[in-house]
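The next block holds one structure in the form of structure tokens; read it before the comments.
Computed from the coordinates by the stated procedures, all read-outs in this text should not be read as laboratory data. Quantities reported herein were computed from a predicted structural model and do not represent experimental measurements. So basically every Cβ, Gly included, is an ideal-geometry build from the backbone, and we count neighbours across all protein chains shown.
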Amino acid sequence: MEFTHKYVCSAENKTVELGVALARIAKKGDIFLLDGTLGMGKTVFARAFIQELSDAEEIPSPTFTLLQCYPSRKSEIYHYDLYRLKNPVEIFELGIEEALYGGISLIEWPEKMENFRPKDAFNIKILPDVNDNSSRIVEISVVSKEKNDRLNAMEF
């Protein structure tokens with residue numbers, strides 16, 4: 001069974017607030033897959049999430065490095081940007097196994113993983129609001145009841 005939650009982020013600061021709220025319910029081993037076209041706010045979300053859990057002051061987009069790691073109070077945070085990936089098997093060169101099981105993973109452009117895309121993840125789709133160009137609709141889907149319970153308890 002899949003559980004889906006929808007949120008409206010009427011401005012960038014609401015995307016930041018949602019990233020913070022999800023960081024507060026994150027646990028070691030959690031995977032957050034960030035889907036959305038260019039400019040939808042994936043990196044804004046990821047920066048807010050990482051800043052909530054770590055002491056990192058600068059959170060560069062890992063577009064060119066593909067991966068940035070941050071120590072945090074809960075677990076190591078692995079921030080992937082797979083936009084430039086040419087072949088899905090390249091994720092193994094980036095140490096994805098360790099990240100998925102030993103830390104908290106934020107993965108932008110997860111469709112590049114193809115068949116290696118994790119099933120038990122927080123699937124986050126950031127979509128434009130057709131009624132308001134500055135707003136985003138954020139759909140978060142999970143398959144586990146435990147993750148759904150955490151989303152239900154999340155303060156946003």
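In the stretch 52-142, taking the dipole from charged Cβ atoms about the Cα centre, the farthest positive-side position among Ser54, Val89, Tyr101 is held by Val89. Restricting the GluC sites (Glu not before Pro) of the stretch 1-49 to loop positions (DSSP other than H, G, I, E, B) with no more than 10 neighbouring Cβ atoms within 10 Å leaves Glu2. Restricting the chymotrypsin sites (Phe, Trp or Tyr not before Pro) of the stretch 48-131 to loop positions (DSSP other than H, G, I, E, B) with no more than 11 neighbouring Cβ atoms within 10 Å leaves Phe64. Just the number, please: percent antiparallel of the DSSP beta bridges in the chain, rounded to the nearest 5. Of all bridge pairs located within the chain, approximately 60 percent are antiparallel. Here the relative contact order of the chain, from alpha carbon pairs under 8 Å that lie six or more residues apart, stands at 35 percent.
Free of any trypsin sites (Lys or Arg not before Pro) that DSSP assigns to a loop and that have at most 10 other C-beta atoms within 10 Å, the longest stretch within the chain is 1-72. Restriction of the GluC sites (Glu not before Pro) in the stretch 35-139 to DSSP coil positions whose beta-carbon has at most 16 other beta-carbons within 10 angstrom yields Glu57, Glu58, Glu76. Against the empirical 2.2 N^0.38 Å (N residues), the stretch 40-156 has a Cα radius of gyration ratio of 1.09.
The lysines within cross-link reach of Lys6, meaning a Cα-to-Cα straight distance under 20 Å and a gap of 8 or more places when in the same chain, are Lys14, Lys42, Lys119, Lys125, Lys145, Lys147. Each other residue within a Cβ distance under 11 Å of Lys27 adds +1 if Lys or Arg and -1 if Asp or Glu, for a net charge of +3. Could you tell me the calculated FRET efficiency between Thr37 and Val143, based on Cβ-Cβ distance and R0 = 35 angstrom, to the nearest 0.05? For Thr37 and Val143, the calculated efficiency is 0.90.
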